[in-house]
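**Student:** One structure, pasted below without further comment.
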Amino acid sequence: MRHLLVVAVAAGLVSGCSFLRDRSLDYVHAEPGAPLAVPEGVNTRPIKPLYPIPPQRPNDARITEPVQPPFPPSMEQVAVAELPALPNAPGRSPVKLGTDGNGVPELRVVGPRERVWDELGRALANAGVIIKDRNQSLGIVDVSIDNEAYQVRMVRATEAFVINVQKDEDTVAPVRVSRSLLPALQARWP
């Protein structure tokens, strides 16, 4: 009796599957919506659909061949630039205070990585900044400024190392913090 019940339920489920409609090509019959409206006063690049819905062929009640969406253009090879070695000159590393493209202060330091890293640690200590943690392989020094946590990051650019201040991995520190700390580091650079 028990086996008969299991077989009956299984048969009911299998036959019920045939009542479900295949919706995989419903998008082909979709009507295009209104174009995206941008509020007045907002500048943006021209907006056009990347993958428009293809027009349905007239008199075709059912599509028998698969519809292929357009493929994006192929990517071009990007040439890998070889970075020149930084000079290993004895003496003080040249330090320059400037700003990035967004006007955020940054230090540019020329010299070998190990020396710049060591001098950064000494400059932070000379400026009285509390160092919480250091990770040389990532070029990050976790510091505390006015009881708030920040990161001093050292990243290699083409001709020098760029040092900037960030709140966390994705957020730049407030400009006032960078304008306060970086000139202090420049003045106290060993």
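**Student:** Checking the structure you have, find out if any residue of region 104-125 is in a loop (DSSP other than H, G, I, E, B) and free of Cβ contacts under 8 Å to residues at least 24 places away in the same chain.
**Tutor:** Checked region 104-125: no residue is in a loop (DSSP other than H, G, I, E, B) and free of Cβ contacts under 8 Å to residues at least 24 places away in the same chain.
**Student:** I need the full set of residues from region 149-158 which are out of contact with any Lys or Arg (no Cβ under 8 Å at 6 or more places or on another chain) and either charged (D, E, K, R) or in a loop (DSSP other than H, G, I, E, B) (or both), in order please.
**Tutor:** Arg153, Thr158
**Student:** Considering Gly41, Gly91, which residue is exposed (fewer than 10 other Cβ atoms within 10 Å of the Cβ), at positive phi and modelled with pLDDT under 80?
**Tutor:** Result of the check over Gly41, Gly91: Gly91.
**Student:** Among the residues in region 170-181, are any of a type outside the set (Gly, Ala, Ser), at pLDDT 90 or above, in a strand (DSSP E or B) and touching a strand residue (DSSP E or B) at 6+ places or on another chain (Cβ under 9 Å)?
**Tutor:** For region 170-181, residues of a type outside the set (Gly, Ala, Ser), at pLDDT 90 or above, in a strand (DSSP E or B) and touching a strand residue (DSSP E or B) at 6+ places or on another chain (Cβ under 9 Å): present.
**Student:** Is it fair to say Ala173 is within 11 Å of Leu107 (Cα to Cα) and under 25 Å from the mean Cα position of the chain (by Cα)?
**Tutor:** So Ala173 does not fit the description; no.
**Student:** Let me ask something else about it. I'm trying to understand the selection: among the residues of region 109-132, which are under 12 Å from Gln186 (Cα atoms) and surrounded by 16 or more Cβ atoms within 10 Å (Cβ to Cβ)?
**Tutor:** Within region 109-132, Val109, Glu119, Leu120, Ala123, Leu124, Ala127 qualify.
**Student:** Which ones in region 133-183 are free of Cβ contacts under 8 Å to residues at least 24 places away in the same chain, within 15 Å of Arg113 (Cα to Cα) and crowded, with 16+ Cβ neighbours inside 10 Å?
**Tutor:** Residues satisfying the conditions are Arg134, Gly139, Ile140, Val141, Arg153.
**Student:** Also, quick follow-up: Which one of these does Lys96 not meet: (1) of a type in the set (D, E, K, R); (2) at pLDDT 75 or above; (3) part of a loop (DSSP other than H, G, I, E, B)?
**Tutor:** Among (1) of a type in the set (D, E, K, R); (2) at pLDDT 75 or above; (3) part of a loop (DSSP other than H, G, I, E, B), Lys96 violates only (3).
The values are calculated or read from the model by the stated rules, or taken from the named source; none is laboratory data. As the structure is a computational prediction, the values presented were derived from the model and not from experiment. Counting neighbours? That spans all protein chains shown, and the Cβs are built from the backbone with ideal geometry, glycine included.
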